[in-house]
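Student: Before I ask anything, let me first share the structure, which is written out below as structure tokens.
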Amino acid sequence: MELGKFFLAALSLVLLLGLAQSFEFHEEDLASEERLWDLYERWRSQHTVSRDLKEKHQRFNVFKANAKHVHKVNQMNKPYKLRLNKFADMTNHEFVRSYAGSKVSHYRMFRGEKPATDFSHGKTEDLPTSVDWRKKGAVTGIKDQGNCGSCWAFSAVVAVEGVNQIKTKELMPLSEQELVDCNSKNNGCDGGLMQDAFEFIKQHGGITTEKNYPYQARDGTCDSSRVTNAPLVVIDGYEMVPENDENALMKAVANQPVSVSIDAGGKDFQFYSEGVYTGSCGTELNHGVAIVGYGATLDGTKYWLVKNSWGTEWGERGYLRIQRGVEAEEGLCGIAMEASYPVKSSANPKMASSSKDELQQSLITEKQSPVTGVDRRLLELITEVVYRPPVAGASRRFQPWWT
């Protein structure tokens with residue numbers, strides 16, 4: 001019975017998520033204020049949005065303009081479609097401020113010239129026609145940065161997770177929050193650069209797991225205790241991809257997932273749903289993402305496969321296909337302007353043994369050699385008192401596992 005209830009609850013959740021991701025409307029829904037209000041209420045109920053009366057009227061005006069924009073674009077013969085997603089009652093200014101706030105161009109100006117590095121993937125020849133690192137097991141699930149400009153951390157983590165899996169064959173979700181809290185050269189929820197994140201990981205002996213240091217979507221105080229005797233993934237540095245060179249970027253992506261910056265401020269970008277994005281955008285780099293593959297559609301349109309950090313409702317279940325091989329040397333939305341990837345040759349450190357592990361190892365050793373009655377009883381007492389505290393109502397006596 002309980003199992004049946006669990007499956008019903010799980011099915012309901014799946015259906016609810018499916019409805020939220022497939023919010024659709026038709027031209028008649030835009031025909032009058034009354035129909036638009038009904039559409040807005042339906043959108044609000046699916047996204048559990050709560051507003052007071054005054055703000056509700058203001059947000060309705062925003063929603064109405066966005067709904068008309070989405071409908072207008074979808075009537076055009078474009079290779080991509082838009083959808084009223086969770087950003088539907090946000091102005092484009094609010095959206096950019098909240099979700100495209102990495103300010104890459106801003107921080108790059110403060111840092112000065114990009115660092116000169118090797119480009120080891122430049123020697124790659126005979127590139128495959130398509131690459132998808134998801135199919136090779138090098139990409140974790142889609143994450144959501146929330147209302148925090150930490151996309152730089154998510155971008156860097158995708159690249160490190162990828163190279164770690166390629167080198168170790170183990171896919172390990174890593175901690176964006178550690179970078180947000182502890183990488184002082186970057187600015188947490190106020191943006192940053194992926195190269196500074198790579199440098200932090202190298203200098204601090206690795207990055208811990210997402211499970212060990214979970215994401216909070218806000219700035220916090222660095223908790224070094226979370227990385228002490230914790231699983232770590234190390235890298236040996238990073239390399240920059242030659243800027244404004246999509247062919248060089250293609251060589252890098254053929255070898256591993258790559259961190260890139262883009263201009264994500266376009267209104268079409270805000271509501272992107274599916275297809276190959278060819279919309280208008282500038283080169284004011286404000287959002288960090290990661291390229292995890294490339295390919296071409298059946299009609300020959302070339303694209304980059306991009307992992308975003310806005311949850312699964314946005315885009316193609318969290319991913320973006322954006323046009324590759326455009327006339328502009330910087331690539332569409334500046335995707336070829338600031339690309340980098342981590343370098344890894346060192347093995348990840350093994351976790352240090354705990355005192356309990358060391359005691360158990362000593363007990364194993366004692367089992368293999370003569371032990372006096374006094375010594376054995378002493379070991380029994382130490383283990384019982386320190387590591388096996390009695391449960392209320394239970395006997396303290398137990399059979400030593402080493403006998």
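Student: What order do you get for 233-242, 134-143 when each peptide is scored by the mean count of other beta carbon atoms within 10 Å, highest first?
Tutor: 233-242, 134-143
Student: Points 7 angstrom from Cα along the Cβ direction at Lys54 and His26: gap in nanometres?
Tutor: 3.9
Student: Also: Considering only protein heavy atoms, what is the solvent-accessible area of His93 at a probe of 1.4 Å, reported in Å² to the nearest 10?
Tutor: Surface open to solvent at His93 totals about 130 Å².
Student: Just how large is the dipole of region 21-77 about the Cα centre, in debye to the nearest 20, putting +1 at every Lys and Arg Cβ and -1 at every Asp and Glu Cβ?
Tutor: With Lys and Arg at +1 and Asp and Glu at -1, about 280 debye.
Student: List, in the order given, every pair from Lys143/Lys267; Lys68/Lys103; Lys307/Lys350; Lys135/Lys169 whose Cα-Cα distance in the structure shown is over 20 Å.
Tutor: Check vs 20 Å cut-off fails for Lys143/Lys267; Lys68/Lys103; Lys307/Lys350.
Student: If you don't mind, there's one more thing I want to ask. With labels modelled as points extended 7 Å from the Cα through the Cβ direction, what inter-label distance (nm, one decimal) is found for Asn247 paired with Ser130?
Tutor: Each label point is offset 7 Å from its Cα along the Cβ direction, giving 2.4 nm.
Student: For His71 and Lys167, calculate 0.36 nm times their separation in residues minus their Cα-Cα distance, and state this gained length in nm to one decimal.
Tutor: Fully extending the segment from His71 to Lys167 adds 30.0 nm.
Student: I've got another one for you. What trypsin sites (Lys or Arg not before Pro) in region 147-216 are in a loop by DSSP, with at most 13 other Cβ atoms within 10 Å of the Cβ?
Tutor: Loop-located and lightly packed - Lys169, Lys211.
Student: Carbon-plus-sulfur fraction of the accessible area of region 251-326, 1.4 Å probe, in percent?
Tutor: For region 251-326, the apolar C and S fraction of the accessible surface comes to 42 percent.
Student: Here's a follow-up. Over the Cα atoms of region 21-77, Rg to Rh with Kirkwood Rh, two decimal places?
Tutor: 0.97
Student: Here is a further query. Kindly flag which residue pairs out of Lys123/Lys167; Lys136/Lys344; Lys136/Lys185 have an alpha-carbon separation exceeding 29 Å in this structure.
Tutor: Pairs exceeding 29 Å: Lys136/Lys185.
Student: Pop the C-beta distance of Thr301 and Arg97 into the FRET formula with R0 = 35 Å and round what comes out to the nearest 0.05.
Tutor: Efficiency, from the Cβ-Cβ distance: 0.65.
Student: Excluding ligands, DNA and RNA, what is the solvent-accessible area per residue of region 21-77 at a probe of 1.4 Å, expressed in Å²?
Tutor: I get 62 Å² per residue for this part.
Student: While we're here: With a 1.4 Å probe and every protein chain left in place, work out the accessible area per residue of region 96-343 in Å², rounded to a whole number.
Tutor: 39
Student: Could you check the simple spin-label distance between Asp118 and Ser225, using points 7 Å along Cα→Cβ, in nm with one decimal?
Tutor: Going by the 7 Å Cα→Cβ label model, 4.1 nm.
The values are calculated or read from the model by the stated rules, or taken from the named source; none is laboratory data. Keep in mind the model is a prediction, meaning the values are calculated, not measured. Counting neighbours? That spans all protein chains shown, and the Cβs are built from the backbone with ideal geometry, glycine included. To get the accessible areas, we keep the full protein, side chains included, count just its heavy atoms, and leave off ligands, DNA and RNA. Shrake-Rupley method; radii C 1.70, N 1.55, O 1.52, S 1.80 Å.
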